[in-house]
Each structure stands twice: as C-alpha cells, then as structure tokens.
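Down below is the structure, laid out as structure tokens.
The values are calculated or read from the model by the stated rules, or taken from the named source; none is laboratory data. As the structure is a prediction and not an experimental result, all values here were calculated from the model. FYI the Cβ positions are ideal-geometry reconstructions off the backbone, even for glycines, and counts take in every protein chain you see. For accessibility, only protein heavy atoms count, side chains too; no ligands or nucleic acids. Shrake-Rupley method; radii C 1.70, N 1.55, O 1.52, S 1.80 Å.
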Amino acid sequence: MVRWLKWAVLVLLVAVISLAIAGSHFLTDWLWFKSLGYPKLLITRLGWEWGLRIGSWLCFSLILFINLWMMKSVVKQALWRFYRLNQFITGKHLILAASLISIVLGLVYSSGYGGYYFEVAQFFNSSDFGVTDPIFGKDIGFYFFELPVYQLLISALATALTLVTAVCAAIYFVSGHFQFENYQPRLSMRAQKHLSVLVGLLVLTKAADYSVQAYRLLYNTSGIVFGAGYTDVNVRLVVLRMLMVVAVAVSLIFITRLYRFRKILIGSLAFWFGLSFVGGVIAPFAVQQWLVAPNEFTREWPYIEHHIQMTRLAYEVADFQELDFVGTKDLTTEDLEANRNTIRNIRLWDPRLILQTYRQLQEMRPYYVFNDADVGRYWVDGEYREVLLAARELDVSLTQNRNWINDHLQYTHGYGVVVSPVNEVSRQQLPEFWMSDIPPKGKSDLQITEPRIYYGERSNEYVIVNTLIDEFDYPTGDGNAYYTYQGTGGVKLASPLHRLAFALRFGTTRILLSTDITSESRILFYRNIRARVQKLAPFLRYDQDPYIVIGDNGRLYWIIDAYTTSYRYPYAQPTSWGNYIRNSVKVVIDAYNGFVDFYQVEPDPVLDVYAKIYPGWLKSISEMPSMLRAHLRYPEDLFALQASIYGTYHMTDPRIFYNREDVWVLANEIYAEREQPVVPYYVMMQLPNSNTPELILMLPYTPIRRNNLIAWLAARNDGQHYGEVLVYRFPKDSLTLGPAQIDATIDQDSDISQLLSLWGQRGSQVIRGNMLVLPISQSLIYVEPLFLQSEQSGMPQLQRVIVAYKDQLVMEESLTQALNRLFDDDSPSKPFESEPMHTGDRQIWHDAYEIYQKAQQALREADFVGFGEAWSQLESVLKQLIDE
C-alpha cells in the first residue's frame with residue numbers, strides 16, 4: 001500500500017510540475033503578446049485550435065454515444081457474458097459506461113485535429129480571387145479556402161464511422177449477435193440493421209471523396225504539364241463521376257439491406273471494383289498511349305494554355321511589362337553625362353566581400369558581430385546614393401566570461417551600424433566609411449541618435465533590463481561605458497507571480513531570487529527578429545534577409561519581407577515556395593524597443609482572409625512612416641523565383657512553349673574563380689527614357705545553353721513605381737555579349753592574365769567580384785572589380801576595375817580611369833572626374849604603372865637584372881605614395 005502511495009504522489013508531483021510549466025508558458029506568452037499590442041493573435045489562434053479540438057471531440061463522442069445507447073441491451077448482454085453482471089446493471093450504469101467510452105475514444109479521435117484549425121478558420125472567412133479555373137468554373141478561392149476543409153471533413157467522417165463501426169461490431173461479437181459458423185459470419189437481425197447503416201454511411205463518404213478527387217485533377221503531376229490534361233478531363237473525370245454514382249448506389253444497397261439478395265450485392269461490388277480498375281487504370285493508359293501521344297500537341301494545347309495562364313497569374317509575372325532594348329547604341333559624352341547618377345553609383349563593393357572587411361575593422365571586440373551587409377539608399381550631401389549597411393550586434397556566446405549575470409543582465413545589446421558607399425575606395429584600397437566606430441561617427445545625413453540594438457539577427461538570449469546592474473554599453477579607450485534601458489519594450493516584472501512564471505519558463509530560480517531585479521525591471525525575449533515575427537504571425541512566410549534602416553529620426557529599424565504562399569493554385573507550376581506567392585506584407589521592427597508593425601503593400605485575397613481571421617493586426621501601407629517607406633526593397637528571393645518562372649513562362653504561345661523554343665536562363669559569371677549563375681543585384685541607375693535615378697533590382701537572361709544576352713529584368717523600388725517589373729528584350733538578329741563571354745575575353749587578355757598570375761605567385765588570393773551588366777542609354781557597359789586578399793589580413797582590397805564596352809576591354813586602378821581610358825574622353829568636362837574614387841597623385845600612379853610595364857617586359861624576356869632594377873624603382877615610387 002505504501003509503495004502504491006509513493007507512486008501516486010510521484011505521478012501527482014509530475015502532473016503538477018508539468019501543469020505549472022505549461023501554465024507559465026501560456027502566461028508569459030500572453031504577457032508578451034499583450035506588450036506588443038497583439039493579444040488577439042494569441043487568443044484567436046487558441047480559440048480556433050481548441051474550438052476545433054473540442055468540437056471534433058464532442059461530435060465524435062455524441063455519435064458514438066447515440067450508437068451505444070441504441071444498443072444498450074446488447075451492452076448488457078456483453079457484460080453478462082463476460083462478468084455475469086447483468087443483474088447489477090441499471091440504466092444509469094449504461095449511460096455512465098457509454099458516456100465514459102465515448103469521452104475517452106473522443107479524446108483520442110480529436111487529438112489530431114487541432115493542427116487543422118487554420119484551414120477551418122479560412123473556410124469560415126473565405127474570399128474570392130476574381131479568377132476562375134478553366135475546367136469547373138470555380139473561383140480560385142474555392143480551392144484555397146473550401147476544398148481543403150471538404151477533404152478534411154470527408155476524412156474525419158470516414159475515420160469516425162470506421163471507429164464507431166469497429167466498436168459496435170466488437171460489442172455485437174462479444175454479446176453473441178455476431179458470430180462465425182463454419183468460417184461464415186452470422187449476424188442477428190438487429191446487428192445487421194445497425195451495422196448495415198454504418199457501412200452504408202461509410203461508403204457514402206467514399207462517394208463524396210470521388211467528388212473531391214475530381215477537383216484534385218487540376219493538381220495532376222503525371223501529364224505533359226502540371227494540371228489536368230486531355231486524359232484527365234475526358235477520361236478520369238468521367239470515370240470519377242461514374243464511380244460517385246456507383247458508390248451512392250452501393251451505399252443505398254447497404255442502408256436498405258438489399259444485400260440480402262446476394263446477386264445484387266456481389267454484382268454492384270464487382271461493377272464498382274471493375275470500374276475503378278478499368279476506368280482508373282486501363283482506360284487512361286490506353287487513351288494516353290493510343291489517342292493522345294500520337295497527336296500530343298493537338299490534344300493537349302488547350303491544357304497547356306491553361307497551365308501557362310494560371311502559372312503567370314500565380315507568380316504575378318503576367319504583369320511584367322515587356323520593352324525593347326537596342327543594346328548596341330554608340331555611347332557619347334552626352335550620354336555619359338546624362339547618366340552621371342548611374343555612373344556615380346556603379347557598385348564595386350560586393351556585400352559578400354565587404355563583410356570580411358567590416359569584421360576586421362569595425363567589430364572592435366570579439367563579442368561584436370556583423371551578420372551580413374545590406375543594400376540601402378540615402379540622400380547624402382544632396383545626392384541620392386547607394387550604400388551598404390551592416391548592424392553591429394552583440395553575440396553573448398562570444399563573451400569571455402560567461403555566467404548568468406553577464407549573459408542576461410549585463411551584455412544586453414549591440415551598438416550602431418557601419419555604412420559605406422558602394423563605389424568609394426580609400427587609399428588602402430578598402431571601403432570608405434560614411435558611418436563607423438563606437439559611438440557612431442560619420443555623415444550628418446546619416447546621424448544616429450539611438451544606436452543601441454536590443455533586437456537583431458543574432459540576439460538569441462533573453463535579457464533583463466532596468467536592473468540594479470548597469471548594462472554594458474560599449475568599450476572605451478580605458479574601460480567600458482554603461483547604460484540603463486530607457487525604453488518600454490519587453491514585459492515588466494511587476495510582481496512575484498511574473499518572476500515565478502518566467503523562472504519556470506526559462507528553468508532558472510535566479511529570475512525569482514535575484515536581488516538585482518526590481519519591480520521596474522523588464523524582460524526582453526524572442527529578441528531574434530525572425531523568431532519574433534514568426535511567433536506573432538506563423539501563417540506568413542518570411543524572407544531570409546532582413547535589412548537594417550536608419551530612420552530620419554535617428555533610430556534603427558529592421559524591415560522583413562513577408563509572403564503569403566500556397567500549393568493550391570490550380571494548374572500553376574509548383575516550386576519549393578509552393579505555386580502561389582505574394583510579397584504583400586512588410587514587417588517593421590524597432591531595434592531598440594522591439595515593437596512590430598505589419599503593413600499590407602499590395603492587394604492579396606489570401607491576406608484579406610488572414611485579416612478577417614485576426615482583426616486589427618494588419619495596417620495599410622499608407623500608415624507606414626514615409627521615412628521607412630522610402631527604404632522598402634523588392635526582395636531578392638522573390639525576384640530570383642519570378643525570374644526563374646518568367647524564363648519559361650514568357651512564352652505565351654502554346655506551340656512555342658510545348659517545343660521549348662525560347663527558354664531563358666539566368667546568365668552565368670565567374671565569381672571568386674567559380675562559374676555560377678548571376679545573383680540578383682541592386683543598382684542605382686536611370687532606366688531608359690528616364691532622367692531620375694532610382695534603385696533597381698536586376699538580372700540578365702541568356703538563351704538556354706547559350707551565353708549571349710537575350711533580355712534583362714528590372715524591378716523598381718522607389719516611390720509610386722515600387723513593385724513594377726520591366727523586361728527589356730534585346731534584338732534577336734544581333735549578338736549582345738553576356739557576362740560569361742566577357743569573362744572569357746578577360747581570361748584571354750594577356751596583360752590581365754599576367755597580372756593575375758603575378759599576384760597569385762606572391763601568395764595572395766585574387767578574387768573576381770560580381771560582374772555588373774549596366775544598361776546606359778540603349779547600350780551596355782560591363783564592370784568587374786578585382787580584389788586581392790593576403791593570407792595575413794583576410795581583408796579583400798580593391799586593386800583593379802575591369803570595364804568592357806562592345807569589343808573594348810580595359811583594366812585600371814579605378815573606375816574613373818577605366819571609363820576615361822575606354823571612352824578616350826579628352827573634353828574639358830569629363831563626366832567621370834567627379835566620381836569619388838581613390839584620388840592619389842595621378843603622376844605617381846602613372847609612373848608606377850610604367851615601371852610595372854617595364855618589369856613585365858623584362859620578365860617576359862628573361863632579363864632578370866632589368867626586372868630587379870624595375871622592381872626597385874617600383875618600390876621607391878610606392879614609398880612616395882605611402883609617405884603622402
């Protein structure tokens with residue numbers, strides 16, 4: 001007895017602890033949602049989830065209870081046969097037993113349905129797309145919001161009827177109403193009537209399933225294209241409708257017990273199974289092989305057309321504007337002057353390479369990290385300039401003395417950002433800084449009044465602020481600066497109950513017992529910005545690259561692109577993202593307080609449904625502050641996906657699409673000595689026939705298995721043109737060189753090859769940067785920076801810039817020199833001189849280059865004495881540059 005008592009106490013203790021932990025998670029989550037102003041997001045989600053669980057539990061329990069109550073006398077017989085309890089069983093006992101069985105099995109049944117709450121919520125808040133499918137004429141909203149619930153309902157009914165039938169059959173078997181004699185089942189009349197109805201209803205759910213399968217033909221993957229093809233529409237659809245009628249007939253046979261006439265039952269079942277096999281397997285195969293395959297395009301062209309149209313709509317590429325681009329115009333000084341803003345913003349520093357330099361020069365301490373560098377644009381010194389930014393975050397896992405106080409009370413925030421123009425180079429061939437150091441110093445147009453970053457991409461630990469321990473702010477020359485949080489973010493630890501709840505949640509008693517924590521202290525958690533927004537709105541998909549923005553008010557903000565996605569768009573080609581995507585939401589997170597705002601930036605019927613389910617969480621783009629709206633970007637991930645789709649689906653003629661006559665692929669380039677597809681890149685430029693510089697996200701296309709350019713894709717980012725995507729097509733009757741062909745030309749240039757070999761022999765790594773294809777006044781120039789990275793420094797230095805135009809190729813120490821040499825511009829007003837590049841003494845640079853050429857010539861002639869003299873002269877000239 002004592003032993004059992006100990007086990008009971010242990011089980012009770014585990015249950016209490018489990019409930020306390022679960023309760024602490026709910027309470028702390030509730031406080032967190034409330035602190036951000038989104039308590040309805042949590043309550044509504046839990047309401048739908050538990051409403052569905054309880055609803056499915058009650059429905060199943062009620063169905064099972066009714067069936068058990070209808071056979072109460074049979075239950076008594078079963079109990080008597082096993083336990084000889086018939087004389088002790090009353091009506092109340094039977095009700096109790098039936099209720100208990102129904103409740104327990106109902107809990108088991110309903111346990112798996114809570115996860116479908118969002119599909120059910122969408123069903124009750126559905127919306128129309130205004131687009132219908134080409135086969136059934138149903139609005140696309142039916143496939144997104146209604147069809148999934150019909151499938152769920154059919155599956156749930158089939159499962160419930162199967163369980164109820166199994167339970168009732170077992171009771172009939174135990175009571176003797178269901179027996180096997182000579183291997184033949186024998187049922188009493190009562191059992192026959194009851195089980196016949198249940199089996200008939202189960203067959204009826206199969207008939208409903210055939211109806212749903214008909215709609216699912218629009219997602220068929222076995223045809224020439226994704227979606228229903230000729231065989232699906234003309235054979236499988238007809239067969240499914242026939243099977244639905246047959247299933248209804250078989251259901252009626254069971255319900256009315258016509259199976260007593262065995263020929264009717266056997267005949268109907270044989271016809272059902274035969275039709276399933278012949279109509280579902282043999283007939284489609286025969287039609288496909290003997291009727292469709294010999295005349296495939298003729299039979300399939302309407303369905304190919306459906307596939308093209310629906311895919312273009314699903315990925316929003318139907319709105320791309322196609323324009324002609326000559327690409328072969330001879331550029332003049334006037335053209336270059338007219339495109340001065342494009343030239344002044346030609347990007348030389350690649351975000352992937354500049355990050356290494358930021359880490360070497362600006363991390364300051366081991367615990368500071370730059371996660372990535374982001375492209376931005378700002379008005380600086382009266383000019384619209386493209387820049388690279390990186391946030392200096394604090395990663396507590398990199399601190400030297402890790403303990404609870406340091407991890408959670410003292411090292412709480414990062415500090416400031418680094419900003420560099422994309423095209424300026426210092427005397428050391430490194431990036432120029434427009435904002436750097438701690439505290440941040442730089443351009444007045446980029447002034448930061450609140451540099452502290454409590455929420456970021458590397459902030460993964462909870463922290464407690466406003467404690468009696470000062471927070472580490474930033475390192476100074478002879479020590480550290482300290483700070484006390486002044487914001488209103490996080491959850492206030494206003495009472496012992498709050499502290500207890502968080503102590504249970506995070507599994508530490510220090511939150512409860514620490515004397516450094518006061519009633520004014522605040523706990524900040526879910527500080528990783530992607531985890532933060534995912535917790536708030538898990539129904540959205542988030543971009544992999546959040547970016548930091550400096551507001552006009554001097555505060556720092558994160559912006560994350562959010563998407564609605566689905567696999568339910570009929571006929572649309574699926575990808576890893578699904579087969580429907582809209583970048584309809586921009587999320588803004590205050591880096592100091594952690595406040596989150598969701599803004600709708602474009603119409604989206606899926607997002608409209610989400611807004612109905614969760615009222616009040618979504619704001620209009622008109623409510624976004626203009627200082628943030630000016631920094632919105634067209635996301636690279638979405639652009640790359642759309643570019644991939646458009647490369648095939650720009651072909652709207654079914655015959656051309658069927659033959660794949662004009663497939664485009666992303667151009668290839670050599671980057672860091674490897675050939676790879678060009679990644680989307682942002683450039684500040686003037687579009688053709690425009691005089692206004694704007695931020696453009698672009699990609700070049702080549703024909704499949706060819707390297708010449710066929711088109712380029714440009715997504716606009718600024719002002720009222722945000723979201724517009726333009727497709728500039730090159731003439732097909734002339735050749736326009738692609739990045740891979742320019743790279744091949746560079747490899748074949750003897751001077752460039754020798755210089756690269758010489759650098760490589762000196763133990764340094766030569767890195768070829770992004771090749772930018774830049775449209776200027778109906779022509780193209782190609783720009784590729786060359787970086788040199790020594791084994792000791794780990795910082796890529798910009799050593800040369802290669803510029804190509806038509807059949808000309810030059811390499812110089814700066815973009816300014818390369819452009820002036822390329823276009824041989826001797827006019828008094830050179831359009832490139834004002835570009836803020838590396839500007840040392842030009843005569844010294846000229847002398848150094850001439851000496852270098854002599855050294856190269858001596859090396860080719862094996863004149864090692866002459867090479868040594870030239871090398872010594874080059875050393876003395878370079879010393880002059882250092883002395884300056």
Checklist entry - segment 107-186 to segment 246-279: how many Å between their Cα centroids? => result 22 Å
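Given K72/K206; K40/K138; K34/K612; K535/K619, which pairs have Cα atoms separated by over 26 Å? Before the final figure, lay out the partial values.
Values: K72/K206 29 Å; K40/K138 33 Å; K34/K612 20 Å; K535/K619 18 Å.
Long pairs (Cα-Cα over 26 Å): K72/K206; K40/K138.
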Item to check | Cα→Cβ-extended label distance, 7 Å offset, between M364 and I282, nm | outcome: 8.0 nm
Item to check | Of all accessible heavy-atom area on the chain, the percent that carbon and sulfur account for (1.4 Å) | outcome: 57 percent
Checklist entry - Excluding ligands and nucleic acids, what accessible area in Å² is computed for T816 using a 1.4 Å probe, to the nearest 10? => result 0 Å²
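Which net charge results for the neighbourhood of V375, defined as the other residues with beta-carbon distances under 11 angstrom from its beta-carbon, given Lys and Arg at +1 and Asp and Glu at -1?
On the way: positive: R347, R377, R633; negative: D350, D372, D374, E386, D545, E636.
Once all neighbours under 11 Å are counted, the net charge is -3.
So what's the net charge close to I405: Lys and Arg +1, Asp and Glu -1, counting the other residues with Cβ under 13 Å from its Cβ? Before the final figure, lay out the partial values.
On the way: positive: R402, R510; negative: D407, E461, D470, E471, D516.
Cβ neighbours under 13 Å give a net charge of -3.
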Checklist outcome for this item: The long-range amide H neighbours of S584, using H built 1.01 Å from N in the peptide plane and a cut-off of under 5 Å, are T564
Item to check | segment 1-77-segment 406-425 distance, computed between alpha-carbon centres (Å) | outcome: 46 Å
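Relative contact order for the chain: what is it in percent, counting Cα pairs under 8 Å that are at least 6 residues apart? Could the numbers behind the result be given before it?
Details: 1461 pairs, mean separation 96.3, N = 884.
Once normalised by length, the contact order is 11 percent.
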Checklist outcome for this item: In order over segment 15-22: 3J(HN,Hα) from phi, Karplus 6.51/-1.76/1.60, θ = phi - 60°, whole Hz, x for each Gly or Pro, gives 4, 5, 5, 4, 5, 5, 5, 4
Checklist outcome for this item: Non-local residues with an amide H under 5 Å from the amide H of R365, with H modelled 1.01 Å from N and Pro and chain starts lacking one, are none
Checklist outcome for this item: Between the alpha carbon centres of segment 693-750 and segment 526-546 the gap in Å comes to 33 Å
Checklist entry - Once phi is turned into θ = phi - 60°, what whole-Hz ³J(HN,Hα) does the Karplus curve with 6.51, -1.76 and 1.60 give for every residue of segment 56-63, x standing for Gly and Pro? => result 5, 5, 5, 4, 5, 4, 5, 4
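Can you give the net charge of the other residues whose Cβ lies under 15 Å from the Cβ of F123, counting K and R as +1 and D and E as -1? If you can, show how the numbers build up before the last one.
Details: positive: K138, R568, K612; negative: E49, E119, D128, D139, E146, D608.
Computed value for this residue: -3.
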Item to check | Only Lys, Arg (+1) and Asp, Glu (-1) charged, at Cβ; the chain dipole about Cα centre in debye | outcome: 7760 debye
Checklist entry - Between I704 and R340, what is the label-to-label distance in nm when each label sits 7 Å out along the Cα-to-Cβ direction? => result 4.7 nm
Checklist entry - Residues of segment 166-215: accessible area per residue at 1.4 Å, in Å²? => result 52 Å²
Checklist outcome for this item: Karplus ³J(HN,Hα) for segment 481-489 (6.51 cos²θ - 1.76 cosθ + 1.60, θ = phi - 60°; Hz, whole; x = Gly/Pro) runs 9, 10, 8, 10, 4, 10, x, 10, x
Item to check | Two-site label geometry, A531 and S444: point separation in nm, points 7 Å out along Cα→Cβ | outcome: 4.2 nm
Next on the checklist: If you count only protein heavy atoms with a 1.4 Å probe, what accessible area per residue comes out for segment 434-522, rounded to a whole Å²?
Outcome noted: 46 Å²
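Estimate the FRET efficiency between D749 and T328 by the formula 1/(1 + (r/R0)^6), using the beta-carbon distance for r and 30 Å for R0, to the nearest 0.05. Provide the component values of the computation, followed by the final result.
On the way: r = 22 Å, r/R0 = 0.74.
With R0 = 30 Å, the Cβ-Cβ based efficiency is 0.85.
Measuring with a 1.4 Å probe in the full set of protein chains, what accessible area per residue, in whole Å², belongs to segment 614-680?
Working: 2900 Å² over 67 residues.
The answer is 43 Å² per residue.
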Checklist entry - Which one of L388, T399, F370 has its Cα pushed farthest toward the positive end of the charge dipole of segment 351-469, where Lys and Arg give +1 and Asp and Glu give -1 at the Cβ? => result T399
Checklist outcome for this item: Checked segment 649-746 against the a/c 1.5 cut and the a/b vs b/c comparison, axes a ≥ b ≥ c from its Cα gyration tensor; verdict oblate
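Suppose the chain between D319 and L153 were pulled fully straight at 0.36 nm per residue; how much longer would it get relative to their current alpha carbon spacing?
On the way: separation 166, 0.36 × 166 = 59.76 nm, distance 3.72 nm.
Answer, rounded to one decimal: 56.0 nm.
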Item to check | Which of Y462, F502, G578, positive extreme of dipole for segment 461-587 (C-beta unit charges) | outcome: G578
Checklist entry - Using alpha-carbon pairs under 8 Å, 6+ residues apart, how would you state the relative contact order of segment 594-726 in percent? => result 18 percent
